[in-house]
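Enquirer: Sending over a structure as structure tokens; questions will come in a sec.
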Amino acid sequence: MAPQKILVLGVGNVLLKDEGLGVHLVRRLEAAYDFSENVRLMDGGTLGLRLLDPIAQADHVIVIDAVQRGADPGTVQKMSADDLSKKVTFKNSIHQLDLVETLAYAEVLGQRPTCVIVGMEPLDIEPWGITLTPPVAANMKELEVLVLEEIQKAGGSWRLKAHAPQPFGEATDYVFGDSCGNHRD
Amino acid sequence: MAERIVVDPITRIEGHLRIEVEVANGKVTNAWSSSTLFRGLEIILKGRDPRDAWLFTQRACGVCTYVHGLASVRCVDDAVGVTVPDNARLIRNLLMGAQFLHDHIVHFYHLHALDWVDVVSALQADPVKASKIANDVSPAPKSGPSDFKAVQARLKKFVDSGQLGLFANGYWGHPAYKLPPEVNLIAAAHYLEALRQQARTARMHAVFGAKNPHLQSLVVGGVTCAADLNPDRVSEFLYLWKETMDFVNNVYIPDLLAVAGFYKDWGSIGGTTNFLAYGEFPQSAKEPESLFFPRGAIFKRNLGKVDAVDPAKITEHVKHSWYEGDGALNPAQGETKPMFTKLDTADRYSWMKAPRYNGEPMEVGPLARVLVAYGKGHEPTKKAVDGVLKHLGIPVEALFSTLGRTAARAIETKIIGEAMEGWIMQLVENLKKGDTKTFEPYEMPESAQGMGLNDVPRGALGHWIEIKGKKIANYQLVVPSTWNLGPRCAANKPGPVEEALIGTPVADPKRPVEILRTVHSFDPCIACGVHVIDPQSNQVYKFKVV
């Protein structure tokens, strides 16, 4: 049987500081690791409902995002999609259509993958800034390790690239690379 | 004996361009370019409020609509003496950049590619080999053997049904097609992929312009999309831009290099002599000093000497056009007086006037911009051009050609796209500082003159206005297509496309794909059908071209 298809989806608005942490991390993973064939990384940004197609094509989705639950800024969080309720201010409702709704659509289509959400409590998600705040930047490495563990648990594998860039430091600016993610369907 | 071929209309979107050539011994020996549609916007604008001009002028076209809107507001900005706020300048640049990305992708794939790509040959391709070739040059998605097999199956269904649809009646199997079947298959797959991408790229205009075509957010003195300067909308623009650049870097540029590699002989066909660029993308209120793409003129292909541009040296001739008189006027004093209609290549044969700079015909557009920037040592352009020349193993002289024109278009797409990132971030920085100003008030003067010089996907675009009693007394547009596709001038010098066609090989007059290659490389933005007339037998060959 073919290994299950894993989608690692970083979402958020990179113009709102910590709100973009999921995107920052996915870009970091793209730059630093080679993944097994069944793993797809995606900078989901603020694409909203346009994420429905890649989500519905996956068997398992690992979402990386800022999660506001009132913990200390930088606290790494993990939950299953079923834990999500409207009580959790997922994305602070900034996106035009949030992930919870997109997952609901996938369910209606009968194509909802299993889903885990990992992220961090943000410190600042006010406009404007493409840099993560210090407590969040400081814990990006921890979040990276957690995501890699989740990928492995789901049946994916990876290798550190020979010339992998340095891990996150304190001042993490959003980087535009040559490859802008794979979100063409 | 010389044979005459008429291709009318020639292009793939809008009609009304007629090309007539004389062929002897398998080569074009003379050419005439005629525009068979009268525009008349100048006449419509007389007596109107100058603030409304941009809404009329962007109706000059249904494809590059924004560019005429922008040329017009800049022209009236100039006349009323207003300097637009920084944010307005950035938004206008971003919308113009989006226009370039959209336009050039559409041109390369949907208006030009089938002059070089034989879609029917793609049916013979081995999808596994095609996948390997594609993966060797680019990390583009959808390039596995099964992807190419699926595209091939779709193409085959088209062909077997006898209904080629948009690929009907091409010159398939013509000996001038040089690509191996696998490369034809890759290009055909990307032709389809580009259809999807261009629709998404066009959405960038919707973010800050409300709609595409015919944007709504310009105004003399700035822009009106103030409410859209919020994180959601800016981020949406950013994502559409990123997605487009992904396509440019992973699909468009690799395809250009792959296809060009098989057509290096076109590096010595279809060239012209003189080049004019107005420059574009102001980086501050100072023009032309701050323009990202510089303004300049090159004569006799001398890249070592780029002249400054003096707008007073621009004239429009009508001796071979269907207008009253036979003089030449600067557009600031220009006239539009339609008079004749009889097509006679020895006398008057076009609705286009013949613009000249210092009396010379000038090619405008991607090649002119790239050459002027290259000649002036513009760093990103030098790097990109040298990279492409090295990759293809061709000398710098090969730029003066149909191949050079097509390559220049791809090169500037990447350069402009990359520059847009900086403009988005400048906008973010301004907003961060609390600078949300998008409009500068002004007073409409009793009388004034203004000029707006833009460089747009197809080339140098100028609008000129004269205001009297707060109304438009005179308005003239000198558009890229008139520079490139205009007729002979009072001194009987051929226009650029007429010049470029001379020497073009024509293997089979009934299937003049070589003529299409050179004419389409100028992006004439017209057409869907071709008629070829054989004057000996007076037989008319009709071809539908895609």
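Enquirer: Looking at B:Val223 and the list (1) open to solvent by less than 10 Å² (accessible area, probe 1.4 Å); (2) more than 13 Å from chain A (Cβ to nearest Cβ); (3) closer than 23 Å to B:Leu403 by Cα, which single condition is not satisfied?
Expert: That leaves (3) as the condition not met.
Enquirer: Next question, about the same structure. Can you name the residue in the range B:199-208 that is within 18 Å of the chain's Cα centre (by Cα) and away from chain A (no Cβ under 12 Å) and is also surrounded by the most Cβ atoms within 10 Å (Cβ to Cβ) among such residues?
Expert: B:His205
Enquirer: Shifting gears a bit: Could you tell me which residue of the range A:117-161 is nearest to the other protein chains (Cβ to nearest Cβ), considering only residues that are part of a strand (DSSP E or B) and surrounded by fewer than 19 Cβ atoms within 10 Å (Cβ to Cβ)?
Expert: Checking each candidate, the answer is A:Thr131.
Enquirer: Does the range B:250-267 include one or more residues that are farther than 30 Å from B:Tyr357 by Cα and facing chain A (nearest Cβ under 10 Å)?
Expert: Yes.
Enquirer: From the list B:Ile5, B:Ile43, B:Ile10, pick out the single residue that is under 26 Å from the mean Cα position of the chain (by Cα) and part of a loop (DSSP other than H, G, I, E, B).
Expert: Step by step, each of B:Ile5, B:Ile43, B:Ile10 is checked, and only B:Ile10 is under 26 Å from the mean Cα position of the chain (by Cα) and part of a loop (DSSP other than H, G, I, E, B).
Enquirer: Out of B:Gly15, B:Gly26, I need the residue that is at pLDDT 90 or above, open to solvent by 10 Å² or more (accessible area, probe 1.4 Å) and among the small types (Gly, Ala, Ser). Which one?
Expert: Only one candidate qualifies: B:Gly26.
Enquirer: Additional query: What is the residue count in the range B:47-105 for residues that are open to solvent by 10 Å² or more (accessible area, probe 1.4 Å) and either without any contact (Cβ under 8 Å) to a residue 24 or more places away in the chain or assigned to a loop (DSSP other than H, G, I, E, B) (or both)?
Expert: 15
Enquirer: Within the range B:392-448, restricting attention to residues that are open to solvent by 40 Å² or more (accessible area, probe 1.4 Å), within 14 Å of chain A (Cβ to nearest Cβ) and in contact (Cβ under 8 Å) with a residue 12 or more places away in the chain, which residue is nearest to the chain's Cα centre (by Cα)?
Expert: From the range B:392-448, those open to solvent by 40 Å² or more (accessible area, probe 1.4 Å) are B:393, B:395-397, B:414, B:418, B:421, B:426, B:429, B:432-437, B:439-443, B:446-447; that's our starting set.
Then keep just the ones that are within 14 Å of chain A (Cβ to nearest Cβ); that gives B:414, B:418, B:421, B:426, B:429, B:432-436.
Subsequent filtering for residues that are in contact (Cβ under 8 Å) with a residue 12 or more places away in the chain retains B:414, B:418, B:421, B:426, B:435-436.
On the way: B:Lys414: 15, B:Glu418: 19, B:Glu421: 22, B:Gln426: 27, B:Asp435: 34, B:Thr436: 33 Å.
By that ranking, first place goes to B:Lys414.
Enquirer: Let me ask something additional. Which of the residues spanning the range B:15-39 are assigned to a strand (DSSP E or B) and not β-branched (Val, Ile, Thr)?
Expert: B:Leu17, B:Arg18, B:Glu20, B:Glu22, B:Ala24, B:Lys27, B:Asn30, B:Ala31, B:Trp32, B:Ser33, B:Ser34, B:Ser35
Enquirer: For the list (1) at pLDDT 95 or above; (2) within 14 Å of chain A (Cβ to nearest Cβ), I need the number of the one condition that B:Arg233 fails.
Expert: Going through (1) at pLDDT 95 or above; (2) within 14 Å of chain A (Cβ to nearest Cβ) one by one, B:Arg233 breaks only (1).
Enquirer: So which residues in the range B:464-498 are touching a residue at least 60 places away in the same chain (Cβ under 8 Å) and over 29 Å from B:Gly270 (Cβ atoms)?
Expert: B:Trp464, B:Ile465, B:Glu466, B:Ile467, B:Lys470, B:Lys471, B:Ile472, B:Ala473, B:Asn474, B:Tyr475, B:Gln476
Enquirer: Does the range B:134-147 include one or more residues that are part of a helix (DSSP H, G or I) and touching an Asp or Glu at 6+ places or on another chain (Cβ under 8 Å)?
Expert: Scanning the range B:134-147 turns up no residue that is part of a helix (DSSP H, G or I) and touching an Asp or Glu at 6+ places or on another chain (Cβ under 8 Å).
Enquirer: Name the one entry in B:Ser521, B:Ser481 that is modelled with pLDDT under 90 and on the phi < 0 side of the Ramachandran plot.
Expert: Values: B:Ser521 fails: modelled with pLDDT under 90.
None of the others qualify; the one that does is B:Ser481.
Enquirer: While we're here: Can you work out which of the residues in the range A:1-54 that are part of a loop (DSSP other than H, G, I, E, B) and touching a His at 6+ places or on another chain (Cβ under 9 Å) is farthest from the other protein chains (Cβ to nearest Cβ)?
Expert: Applying the filter and picking the extreme gives A:Gln4.
Enquirer: Name every residue in the range B:233-259 that is among the polar types (S, T, N, Q), in contact (Cβ under 8 Å) with a residue 12 or more places away in the chain and open to solvent by less than 10 Å² (accessible area, probe 1.4 Å), in order of residue number.
Expert: Once the filter is applied, which keeps residues that are among the polar types (S, T, N, Q), in contact (Cβ under 8 Å) with a residue 12 or more places away in the chain and open to solvent by less than 10 Å² (accessible area, probe 1.4 Å), the range B:233-259 yields only B:Thr244.
The values are calculated or read from the model by the stated rules, or taken from the named source; none is laboratory data. Owing to the predicted nature of the structure, the values given are computational and were not obtained by experimental measurement. In this analysis, Cβ positions are derived from the backbone assuming ideal geometry, glycine residues included, and neighbour counts consider all displayed protein chains. Only protein heavy atoms, including side chains, enter the accessible area calculation; ligands, DNA and RNA are left aside. Shrake-Rupley method; radii C 1.70, N 1.55, O 1.52, S 1.80 Å.
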